[in-house]
1. Of the residues LEU144, LEU112, which single one is within 16 Å of the ligand (Cβ to nearest atom) and closer than 17 Å to MET85 by Cα?
2. Filtering region 25-47 down to residues that are in a strand (DSSP E or B) and of a type in the set (Val, Ile, Thr), which residue is surrounded by the most Cβ atoms within 10 Å (Cβ to Cβ)?
3. Can you tell which of ILE154, ILE206, ILE201 is in contact (Cβ under 8 Å) with a residue 24 or more places away in the chain and within 16 Å of the ligand (Cβ to nearest atom)?
4. Looking at region 48-85, which of its residues are loosely packed, with under 11 Cβ neighbours inside 10 Å and in contact (Cβ under 8 Å) with a residue 40 or more places away in the chain?
5. Looking at (1) touching a Gly at 6+ places or on another chain (Cβ under 8 Å); (2) at pLDDT below 95, find the lone condition where ARG83 falls short.
6. When both residues are 6+ apart or on different chains and their Cβ atoms are under 6 Å apart, which pairs have a first residue that lies in region 174-193 and is over 18 Å from ALA235 (Cα atoms), and a second that is at pLDDT 95 or above?
7. Restricting to region 167-195, count the residues that are aromatic (Phe, Trp, Tyr) and surrounded by fewer than 20 Cβ atoms within 10 Å (Cβ to Cβ).
8. Among (1) out of contact with any Cys (no Cβ under 7 Å at 6 or more places or on another chain); (2) under 29 Å from PHE311 (Cα atoms), which single condition is ASP251 missing?
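The values are calculated or read from the model by the stated rules, or taken from the named source; none is laboratory data. Quick caveat, the model's predicted, so the values are computed rather than measured. Positions of Cβ are generated from backbone atoms using ideal geometry, with glycine treated the same way; all protein chains shown enter the neighbour counts.
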Amino acid sequence: MSFDLVFFGGTGDLTWRKLMPALFQAFRHGKLPAGGRILAVARDERTDEEYRQFIRERFSEVDSSKRPSDEEFDQFAALLHYRRMDLSQPTDYAGLKQWLDDRGADTAVLYLATSPHLFPAICEQLGAAGLNHDKVRVVLEKPLGHDLASAKEINRVVRSVFTEQQAFRIDHYLGKPSVQNLMALRFANALFEPLWRRESIANIQITLAESLGVGTRGDFYDRTGALRDMIQNHALQLLTMIAMEPPSTNDADAIRDEKLKVLKSLKPFTAESVTRDVVRGQYRAGNVDGKSVPGYLEEVKVPADSRCETFVALRTEVQNWRWAGVPFYLRTGKRLGARDAQIVVNFRPVPHPIFPSAGHANKLVIKLQPEDGLELHLLAAKGAGQGDALSPVRLDLDFDKAFPTDRVGAYERLLLDAIAGRLNLFVRSDEQEQAWRWVEPILDAWENSGSDLKTYAAGSWGPAAASALVARDGNAWAEEQ
Ligand code: BG6
(Lines give C-alpha, C1' and ligand atoms only; values in the text may rest on other atoms or scores of the structure.)
Protein backbone atom coordinates (compact mmCIF):
# COMPACT_ATOMS: atom_id res chain seq x y z
CA MET A 1 0.00 0.00 0.00
CA SER A 2 1.61 3.28 -1.06
CA PHE A 3 1.09 6.35 1.08
CA ASP A 4 2.03 9.99 1.28
CA LEU A 5 2.29 11.50 4.73
CA VAL A 6 2.29 15.29 4.81
CA PHE A 7 3.26 17.26 7.91
CA PHE A 8 1.92 20.79 8.04
CA GLY A 9 4.23 22.52 10.49
CA GLY A 10 7.08 20.44 9.12
CA THR A 11 9.83 22.36 10.89
CA GLY A 12 7.98 22.71 14.21
CA ASP A 13 8.82 21.11 17.52
CA LEU A 14 6.18 18.40 17.38
CA THR A 15 7.40 17.22 13.98
CA TRP A 16 11.06 16.87 14.80
CA ARG A 17 10.74 15.97 18.47
CA LYS A 18 7.97 13.36 18.28
CA LEU A 19 6.79 12.56 14.77
CA MET A 20 10.06 12.06 12.91
CA PRO A 21 11.62 9.90 15.68
CA ALA A 22 8.40 7.84 15.77
CA LEU A 23 8.43 7.37 12.01
CA PHE A 24 12.07 6.45 12.14
CA GLN A 25 11.29 3.77 14.75
CA ALA A 26 8.54 2.39 12.52
CA PHE A 27 11.01 2.38 9.65
CA ARG A 28 13.69 0.70 11.75
CA HIS A 29 11.23 -1.96 12.93
CA GLY A 30 10.19 -2.65 9.34
CA LYS A 31 6.62 -1.55 10.15
CA LEU A 32 6.37 1.42 7.81
CA PRO A 33 4.62 0.20 4.66
CA ALA A 34 6.90 0.25 1.62
CA GLY A 35 6.26 2.87 -1.02
CA GLY A 36 5.81 5.78 1.34
CA ARG A 37 6.84 9.40 1.01
CA ILE A 38 7.01 11.84 3.90
CA LEU A 39 6.56 15.46 2.96
CA ALA A 40 7.18 18.32 5.36
CA VAL A 41 5.62 21.65 4.49
CA ALA A 42 6.50 24.94 6.14
CA ARG A 43 6.88 28.60 5.34
CA ASP A 44 10.59 28.95 4.58
CA GLU A 45 12.47 28.03 1.44
CA ARG A 46 14.53 24.80 1.69
CA THR A 47 15.53 21.98 -0.59
CA ASP A 48 14.83 18.34 0.25
CA GLU A 49 18.52 17.98 1.08
CA GLU A 50 18.48 20.94 3.46
CA TYR A 51 15.42 19.57 5.22
CA ARG A 52 17.03 16.15 5.59
CA GLN A 53 20.07 17.85 7.11
CA PHE A 54 17.79 19.79 9.49
CA ILE A 55 16.17 16.55 10.70
CA ARG A 56 19.55 14.78 10.93
CA GLU A 57 20.79 17.51 13.29
CA ARG A 58 17.61 17.43 15.36
CA PHE A 59 17.96 13.69 15.89
CA SER A 60 20.98 14.41 18.09
CA GLU A 61 18.48 15.83 20.61
CA VAL A 62 16.29 12.74 20.88
CA ASP A 63 16.75 9.85 23.26
CA SER A 64 19.92 7.97 22.20
CA SER A 65 18.19 4.58 21.85
CA LYS A 66 15.93 6.17 19.24
CA ARG A 67 18.73 7.83 17.26
CA PRO A 68 19.65 6.45 13.84
CA SER A 69 23.19 5.54 12.79
CA ASP A 70 24.46 7.50 9.76
CA GLU A 71 23.65 4.61 7.52
CA GLU A 72 20.16 4.18 8.93
CA PHE A 73 19.50 7.89 8.62
CA ASP A 74 20.56 7.90 4.96
CA GLN A 75 18.04 5.17 4.22
CA PHE A 76 15.29 6.89 6.18
CA ALA A 77 16.12 10.30 4.70
CA ALA A 78 15.40 8.99 1.20
CA LEU A 79 11.71 9.08 2.19
CA LEU A 80 11.82 12.72 3.29
CA HIS A 81 10.78 15.63 1.10
CA TYR A 82 10.18 19.28 1.71
CA ARG A 83 7.86 21.84 0.16
CA ARG A 84 7.50 25.52 0.91
CA MET A 85 3.91 26.55 1.51
CA ASP A 86 2.19 29.73 2.55
CA LEU A 87 -0.85 28.30 4.29
CA SER A 88 -2.99 31.27 3.33
CA GLN A 89 -2.35 30.85 -0.42
CA PRO A 90 -4.80 28.73 -2.46
CA THR A 91 -2.19 28.30 -5.21
CA ASP A 92 0.14 26.58 -2.73
CA TYR A 93 -2.58 24.02 -1.92
CA ALA A 94 -3.12 23.49 -5.64
CA GLY A 95 0.63 22.86 -5.96
CA LEU A 96 0.49 20.35 -3.11
CA LYS A 97 -2.45 18.59 -4.74
CA GLN A 98 -0.51 18.37 -7.98
CA TRP A 99 2.51 16.91 -6.15
CA LEU A 100 0.29 14.25 -4.58
CA ASP A 101 -1.71 13.55 -7.75
CA ASP A 102 1.44 13.11 -9.83
CA ARG A 103 2.10 9.90 -7.98
CA GLY A 104 -1.44 9.00 -6.96
CA ALA A 105 -0.58 7.03 -3.80
CA ASP A 106 -3.28 4.82 -2.27
CA THR A 107 -3.55 7.11 0.74
CA ALA A 108 -2.64 10.68 1.61
CA VAL A 109 -2.43 11.41 5.34
CA LEU A 110 -2.39 15.13 6.07
CA TYR A 111 -1.09 15.72 9.58
CA LEU A 112 -1.83 19.17 11.00
CA ALA A 113 1.09 19.68 13.36
CA THR A 114 0.58 23.44 13.34
CA SER A 115 -0.88 25.72 15.94
CA PRO A 116 -4.53 24.62 16.34
CA HIS A 117 -5.90 28.10 15.62
CA LEU A 118 -4.89 27.44 11.99
CA PHE A 119 -6.88 24.19 11.69
CA PRO A 120 -10.15 25.68 10.39
CA ALA A 121 -8.40 27.82 7.77
CA ILE A 122 -6.18 24.93 6.61
CA CYS A 123 -9.15 22.56 6.38
CA GLU A 124 -11.14 25.06 4.34
CA GLN A 125 -8.22 25.53 1.96
CA LEU A 126 -7.76 21.77 1.66
CA GLY A 127 -11.44 21.41 0.79
CA ALA A 128 -11.32 24.23 -1.77
CA ALA A 129 -8.29 22.60 -3.41
CA GLY A 130 -10.06 19.23 -3.63
CA LEU A 131 -7.74 17.68 -1.08
CA ASN A 132 -10.61 15.98 0.74
CA HIS A 133 -11.36 13.11 -1.62
CA ASP A 134 -11.78 9.65 -0.20
CA LYS A 135 -8.08 8.73 -0.25
CA VAL A 136 -7.30 11.63 2.08
CA ARG A 137 -7.19 11.46 5.88
CA VAL A 138 -6.59 14.40 8.15
CA VAL A 139 -4.83 14.08 11.50
CA LEU A 140 -5.46 16.77 14.11
CA GLU A 141 -3.20 17.30 17.09
CA LYS A 142 -4.45 18.56 20.41
CA PRO A 143 -5.35 21.00 21.83
CA LEU A 144 -8.58 20.86 19.86
CA GLY A 145 -10.26 23.96 21.16
CA HIS A 146 -10.07 25.93 24.35
CA ASP A 147 -13.61 25.27 25.49
CA LEU A 148 -16.79 23.69 24.17
CA ALA A 149 -17.64 26.53 21.78
CA SER A 150 -14.19 26.62 20.15
CA ALA A 151 -14.02 22.81 19.93
CA LYS A 152 -17.44 22.80 18.25
CA GLU A 153 -16.35 25.45 15.80
CA ILE A 154 -13.23 23.45 14.82
CA ASN A 155 -15.34 20.31 14.43
CA ARG A 156 -17.94 22.18 12.37
CA VAL A 157 -15.31 23.27 9.87
CA VAL A 158 -13.55 19.89 9.83
CA ARG A 159 -16.87 18.15 9.22
CA SER A 160 -17.82 20.53 6.45
CA VAL A 161 -14.71 19.38 4.56
CA PHE A 162 -14.04 15.80 5.72
CA THR A 163 -16.25 12.92 6.84
CA GLU A 164 -15.89 11.67 10.42
CA GLN A 165 -14.19 8.57 8.99
CA GLN A 166 -11.46 10.78 7.51
CA ALA A 167 -10.78 12.70 10.73
CA PHE A 168 -8.11 11.29 13.06
CA ARG A 169 -8.06 13.27 16.31
CA ILE A 170 -4.97 12.41 18.28
CA ASP A 171 -4.82 11.80 21.99
CA HIS A 172 -1.37 10.32 22.25
CA TYR A 173 -2.24 8.55 25.53
CA LEU A 174 -4.46 6.20 23.53
CA GLY A 175 -1.36 5.10 21.62
CA LYS A 176 0.51 4.06 24.75
CA PRO A 177 0.99 0.28 24.83
CA SER A 178 -0.39 0.01 28.36
CA VAL A 179 -3.65 1.63 27.30
CA GLN A 180 -4.08 -0.95 24.57
CA ASN A 181 -3.26 -3.59 27.14
CA LEU A 182 -6.04 -2.24 29.29
CA MET A 183 -8.49 -3.10 26.50
CA ALA A 184 -6.94 -6.56 26.26
CA LEU A 185 -7.01 -7.02 30.03
CA ARG A 186 -10.70 -6.21 30.17
CA PHE A 187 -12.04 -7.66 26.95
CA ALA A 188 -9.75 -10.55 26.03
CA ASN A 189 -9.64 -12.09 29.52
CA ALA A 190 -12.65 -13.28 31.47
CA LEU A 191 -10.83 -13.08 34.79
CA PHE A 192 -11.50 -9.51 35.87
CA GLU A 193 -14.78 -8.68 34.18
CA PRO A 194 -17.03 -10.22 36.89
CA LEU A 195 -15.19 -8.07 39.45
CA TRP A 196 -15.20 -4.91 37.34
CA ARG A 197 -18.11 -3.23 39.08
CA ARG A 198 -19.31 -1.45 42.16
CA GLU A 199 -19.86 -4.63 44.16
CA SER A 200 -16.11 -5.42 44.11
CA ILE A 201 -14.37 -2.12 43.46
CA ALA A 202 -14.05 0.50 46.18
CA ASN A 203 -12.51 3.32 44.13
CA ILE A 204 -10.39 4.03 41.08
CA GLN A 205 -7.49 6.47 40.91
CA ILE A 206 -5.93 7.84 37.76
CA THR A 207 -2.65 9.66 38.31
CA LEU A 208 -0.71 11.40 35.54
CA ALA A 209 2.25 12.89 37.37
CA GLU A 210 5.18 14.66 35.77
CA SER A 211 8.40 15.71 37.44
CA LEU A 212 9.17 18.24 34.72
CA GLY A 213 7.97 21.83 34.93
CA VAL A 214 6.57 23.83 32.04
CA GLY A 215 10.04 24.34 30.53
CA THR A 216 10.03 26.68 27.55
CA ARG A 217 6.27 26.33 26.95
CA GLY A 218 5.32 28.92 29.58
CA ASP A 219 3.23 31.10 27.28
CA PHE A 220 1.23 28.17 25.86
CA TYR A 221 0.84 26.58 29.26
CA ASP A 222 -0.29 29.75 30.95
CA ARG A 223 -3.18 30.05 28.47
CA THR A 224 -4.03 26.39 28.98
CA GLY A 225 -3.51 25.00 32.49
CA ALA A 226 -3.57 21.41 33.70
CA LEU A 227 -7.33 20.92 33.37
CA ARG A 228 -7.31 21.63 29.64
CA ASP A 229 -3.85 20.19 29.02
CA MET A 230 -4.25 16.79 30.70
CA ILE A 231 -7.66 16.18 32.30
CA GLN A 232 -10.06 17.11 29.47
CA ASN A 233 -8.27 14.71 27.15
CA HIS A 234 -5.74 12.20 28.49
CA ALA A 235 -7.23 11.52 31.93
CA LEU A 236 -10.81 11.37 30.66
CA GLN A 237 -9.82 9.04 27.84
CA LEU A 238 -8.24 6.69 30.38
CA LEU A 239 -11.35 6.90 32.52
CA THR A 240 -13.53 5.88 29.56
CA MET A 241 -11.31 2.87 28.90
CA ILE A 242 -11.61 1.76 32.50
CA ALA A 243 -15.33 2.36 32.88
CA MET A 244 -16.78 1.49 29.46
CA GLU A 245 -19.06 -1.47 28.84
CA PRO A 246 -17.67 -4.25 26.62
CA PRO A 247 -18.12 -3.10 23.01
CA SER A 248 -19.91 -5.52 20.71
CA THR A 249 -16.99 -5.56 18.24
CA ASN A 250 -13.46 -4.24 18.04
CA ASP A 251 -14.52 -1.60 15.50
CA ALA A 252 -13.78 2.03 16.05
CA ASP A 253 -17.39 3.15 16.35
CA ALA A 254 -18.42 0.26 18.59
CA ILE A 255 -15.64 1.29 20.97
CA ARG A 256 -16.24 5.00 20.69
CA ASP A 257 -19.98 4.61 21.26
CA GLU A 258 -19.22 2.94 24.59
CA LYS A 259 -16.65 5.56 25.54
CA LEU A 260 -19.13 8.31 24.76
CA LYS A 261 -21.71 6.70 27.04
CA VAL A 262 -19.21 6.88 29.91
CA LEU A 263 -18.54 10.56 29.27
CA LYS A 264 -22.28 11.20 29.24
CA SER A 265 -22.67 9.31 32.53
CA LEU A 266 -20.10 11.40 34.41
CA LYS A 267 -21.63 13.28 37.29
CA PRO A 268 -22.01 16.91 36.15
CA PHE A 269 -20.24 19.57 38.19
CA THR A 270 -22.00 22.53 39.75
CA ALA A 271 -20.34 25.63 41.18
CA GLU A 272 -20.83 24.07 44.60
CA SER A 273 -19.39 20.66 43.76
CA VAL A 274 -16.39 22.27 42.07
CA THR A 275 -15.52 23.91 45.37
CA ARG A 276 -15.93 20.62 47.19
CA ASP A 277 -14.59 18.07 44.69
CA VAL A 278 -11.90 19.83 42.66
CA VAL A 279 -8.50 20.96 43.94
CA ARG A 280 -6.27 23.18 41.85
CA GLY A 281 -2.69 23.98 42.63
CA GLN A 282 0.39 25.73 41.34
CA TYR A 283 3.98 24.72 42.11
CA ARG A 284 6.32 26.90 44.05
CA ALA A 285 10.08 26.48 44.16
CA GLY A 286 11.28 23.17 45.54
CA ASN A 287 13.48 20.20 45.03
CA VAL A 288 13.15 17.63 42.28
CA ASP A 289 15.57 14.71 41.95
CA GLY A 290 17.98 16.42 44.34
CA LYS A 291 18.03 19.68 42.36
CA SER A 292 16.38 22.90 43.38
CA VAL A 293 13.98 24.19 40.77
CA PRO A 294 12.09 27.48 40.42
CA GLY A 295 8.40 27.92 41.07
CA TYR A 296 5.87 28.28 38.27
CA LEU A 297 5.77 32.06 38.61
CA GLU A 298 9.52 32.25 38.00
CA GLU A 299 9.34 30.20 34.79
CA VAL A 300 10.15 31.80 31.44
CA LYS A 301 7.19 33.54 29.76
CA VAL A 302 4.91 33.10 32.76
CA PRO A 303 3.30 36.31 34.14
CA ALA A 304 4.44 36.97 37.70
CA ASP A 305 0.83 37.11 38.92
CA SER A 306 -0.43 34.09 36.99
CA ARG A 307 -3.23 32.06 38.56
CA CYS A 308 -2.84 29.22 36.11
CA GLU A 309 -3.16 25.75 37.66
CA THR A 310 -0.30 23.28 37.21
CA PHE A 311 -2.07 20.64 39.31
CA VAL A 312 -5.62 19.30 39.44
CA ALA A 313 -7.14 16.59 41.59
CA LEU A 314 -10.82 15.82 41.39
CA ARG A 315 -13.44 13.35 42.48
CA THR A 316 -16.19 12.21 40.19
CA GLU A 317 -18.63 9.36 39.70
CA VAL A 318 -19.92 7.43 36.72
CA GLN A 319 -23.66 7.44 37.15
CA ASN A 320 -24.79 4.07 35.88
CA TRP A 321 -25.61 0.61 37.23
CA ARG A 322 -22.07 -0.67 37.03
CA TRP A 323 -20.40 2.20 38.85
CA ALA A 324 -22.97 4.03 40.97
CA GLY A 325 -21.34 5.39 44.11
CA VAL A 326 -17.74 4.38 43.23
CA PRO A 327 -15.43 7.39 43.48
CA PHE A 328 -13.15 8.00 40.52
CA TYR A 329 -10.24 10.22 41.52
CA LEU A 330 -8.27 11.96 38.77
CA ARG A 331 -5.02 13.75 39.41
CA THR A 332 -2.35 15.38 37.28
CA GLY A 333 0.41 17.88 37.86
CA LYS A 334 3.75 19.26 36.79
CA ARG A 335 6.77 19.18 39.11
CA LEU A 336 5.42 16.35 41.23
CA GLY A 337 7.52 13.83 43.12
CA ALA A 338 8.12 11.55 40.13
CA ARG A 339 7.16 10.91 36.53
CA ASP A 340 4.53 8.36 37.16
CA ALA A 341 1.37 7.58 35.24
CA GLN A 342 -0.81 4.84 36.60
CA ILE A 343 -4.34 3.69 37.21
CA VAL A 344 -5.05 2.06 40.54
CA VAL A 345 -8.15 -0.08 40.91
CA ASN A 346 -8.74 -0.53 44.64
CA PHE A 347 -10.88 -3.55 45.45
CA ARG A 348 -13.15 -3.77 48.44
CA PRO A 349 -11.90 -5.52 51.57
CA VAL A 350 -13.28 -8.95 52.47
CA PRO A 351 -16.72 -8.71 54.08
CA HIS A 352 -15.69 -10.53 57.24
CA PRO A 353 -11.99 -10.45 58.16
CA ILE A 354 -10.69 -13.47 60.06
CA PHE A 355 -7.00 -12.50 59.99
CA PRO A 356 -5.41 -9.65 61.91
CA SER A 357 -5.44 -6.52 59.76
CA ALA A 358 -2.52 -6.11 57.40
CA GLY A 359 -3.48 -2.82 55.88
CA HIS A 360 -5.19 -2.30 52.59
CA ALA A 361 -7.02 -4.83 50.46
CA ASN A 362 -6.37 -6.01 46.93
CA LYS A 363 -5.51 -3.60 44.18
CA LEU A 364 -4.66 -3.76 40.53
CA VAL A 365 -2.15 -1.20 39.35
CA ILE A 366 -2.03 -0.51 35.65
CA LYS A 367 1.31 1.16 35.07
CA LEU A 368 1.57 3.44 32.05
CA GLN A 369 4.97 4.98 32.60
CA PRO A 370 7.86 5.03 33.23
CA GLU A 371 7.34 1.24 33.32
CA ASP A 372 4.61 -0.41 31.35
CA GLY A 373 3.01 -3.26 33.25
CA LEU A 374 0.49 -4.61 35.69
CA GLU A 375 0.74 -5.26 39.40
CA LEU A 376 -1.79 -7.27 41.34
CA HIS A 377 -1.52 -6.75 45.09
CA LEU A 378 -2.57 -9.62 47.32
CA LEU A 379 -2.29 -10.49 50.98
CA ALA A 380 -0.33 -13.65 51.76
CA ALA A 381 0.94 -15.58 54.75
CA LYS A 382 4.68 -15.19 55.04
CA GLY A 383 4.92 -18.47 56.87
CA ALA A 384 4.89 -16.54 60.10
CA GLY A 385 3.21 -17.79 63.23
CA GLN A 386 -0.53 -18.17 63.58
CA GLY A 387 -2.14 -14.92 64.55
CA ASP A 388 0.51 -12.86 62.78
CA ALA A 389 -0.61 -10.25 60.29
CA LEU A 390 -0.55 -11.21 56.64
CA SER A 391 1.90 -9.49 54.33
CA PRO A 392 1.16 -7.67 51.12
CA VAL A 393 2.81 -9.28 48.06
CA ARG A 394 2.43 -8.45 44.42
CA LEU A 395 2.27 -10.23 41.14
CA ASP A 396 4.30 -8.06 38.84
CA LEU A 397 3.94 -8.26 35.10
CA ASP A 398 6.45 -6.21 33.13
CA PHE A 399 5.32 -5.87 29.52
CA ASP A 400 8.68 -4.53 28.39
CA LYS A 401 10.22 -7.81 29.54
CA ALA A 402 7.33 -9.96 28.31
CA PHE A 403 7.50 -8.50 24.82
CA PRO A 404 11.09 -7.25 24.57
CA THR A 405 11.17 -6.72 20.80
CA ASP A 406 7.65 -5.69 19.95
CA ARG A 407 7.15 -2.51 21.90
CA VAL A 408 5.79 0.33 19.83
CA GLY A 409 5.73 3.92 21.12
CA ALA A 410 2.53 5.97 21.18
CA TYR A 411 3.22 8.20 18.19
CA GLU A 412 4.63 5.31 16.19
CA ARG A 413 1.49 3.32 16.80
CA LEU A 414 -0.84 6.21 16.00
CA LEU A 415 1.01 7.19 12.82
CA LEU A 416 0.89 3.60 11.58
CA ASP A 417 -2.81 3.41 12.40
CA ALA A 418 -3.53 6.68 10.57
CA ILE A 419 -1.69 5.35 7.51
CA ALA A 420 -3.65 2.09 7.72
CA GLY A 421 -6.95 3.93 8.32
CA ARG A 422 -7.64 2.37 11.74
CA LEU A 423 -9.67 4.79 13.83
CA ASN A 424 -9.93 2.74 17.05
CA LEU A 425 -7.36 4.80 18.93
CA PHE A 426 -8.55 8.20 17.76
CA VAL A 427 -11.12 10.42 19.38
CA ARG A 428 -14.48 11.06 17.72
CA SER A 429 -15.83 14.61 17.66
CA ASP A 430 -18.78 13.83 19.93
CA GLU A 431 -16.48 12.30 22.58
CA GLN A 432 -14.26 15.32 22.47
CA GLU A 433 -17.18 17.75 22.75
CA GLN A 434 -18.73 15.80 25.60
CA ALA A 435 -15.41 15.96 27.48
CA TRP A 436 -15.42 19.73 27.06
CA ARG A 437 -19.04 19.90 28.19
CA TRP A 438 -18.07 18.12 31.38
CA VAL A 439 -15.02 20.25 32.26
CA GLU A 440 -16.63 23.55 31.40
CA PRO A 441 -18.45 24.09 34.74
CA ILE A 442 -15.04 23.74 36.41
CA LEU A 443 -13.53 26.39 34.14
CA ASP A 444 -16.52 28.65 34.76
CA ALA A 445 -16.44 28.19 38.53
CA TRP A 446 -12.73 29.02 38.64
CA GLU A 447 -13.20 32.07 36.51
CA ASN A 448 -16.08 33.31 38.61
CA SER A 449 -14.64 32.56 42.02
CA GLY A 450 -11.00 33.37 41.26
CA SER A 451 -10.18 31.91 44.66
CA ASP A 452 -8.79 28.74 46.17
CA LEU A 453 -5.68 28.23 44.08
CA LYS A 454 -3.41 26.27 46.43
CA THR A 455 0.35 26.10 46.10
CA TYR A 456 2.58 23.06 46.49
CA ALA A 457 6.31 22.63 46.70
CA ALA A 458 7.95 21.31 43.54
CA GLY A 459 8.87 17.68 44.17
CA SER A 460 5.87 17.02 46.44
CA TRP A 461 2.64 15.23 45.53
CA GLY A 462 0.56 18.39 45.28
CA PRO A 463 -1.40 20.47 47.78
CA ALA A 464 -2.53 18.86 51.03
CA ALA A 465 -6.11 19.51 49.91
CA ALA A 466 -5.67 16.74 47.31
CA SER A 467 -5.04 14.22 50.08
CA ALA A 468 -7.96 15.60 52.07
CA LEU A 469 -10.24 15.17 49.05
CA VAL A 470 -9.62 11.44 49.04
CA ALA A 471 -9.38 11.08 52.82
CA ARG A 472 -12.88 12.51 53.10
CA ASP A 473 -14.17 9.21 51.66
CA GLY A 474 -11.87 7.21 53.95
CA ASN A 475 -9.43 6.58 51.07
CA ALA A 476 -5.82 7.50 50.30
CA TRP A 477 -3.73 8.06 47.19
CA ALA A 478 -1.55 5.11 46.24
CA GLU A 479 1.67 6.64 47.61
CA GLU A 480 -0.01 7.36 50.95
CA GLN A 481 -1.37 3.86 51.47
C1 BG6 B 1 0.88 16.66 26.45
C2 BG6 B 1 0.82 17.89 27.31
O3 BG6 B 1 -0.36 16.42 25.83
O4 BG6 B 1 1.22 15.54 27.25
C5 BG6 B 1 2.13 18.11 28.03
O6 BG6 B 1 0.54 19.02 26.49
C7 BG6 B 1 2.53 16.87 28.79
O8 BG6 B 1 2.05 19.22 28.92
C9 BG6 B 1 2.49 15.65 27.89
O10 BG6 B 1 3.85 17.06 29.30
C11 BG6 B 1 2.71 14.38 28.68
O12 BG6 B 1 2.87 13.32 27.82
P13 BG6 B 1 3.71 12.04 28.25
O14 BG6 B 1 3.48 11.07 27.13
O15 BG6 B 1 5.12 12.48 28.38
O16 BG6 B 1 3.15 11.59 29.54
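1. Result of the check over LEU144, LEU112: LEU112.
2. ILE38
3. ILE206
4. Looking only at region 48-85, we keep the residues that are loosely packed, with under 11 Cβ neighbours inside 10 Å, and these are 57, 60-61, 63-65, 69-71.
Selection gives GLU61, ASP63.
5. It fails just one condition, (2).
6. These pairs meet every condition: PHE187/PRO246.
7. Keep residues of region 167-195 that are aromatic (Phe, Trp, Tyr), which gives 168, 173, 187, 192.
Checking which are surrounded by fewer than 20 Cβ atoms within 10 Å (Cβ to Cβ) leaves us with 187, 192.
Result for region 167-195: 2.
8. Result: ASP251 passes all but (2).
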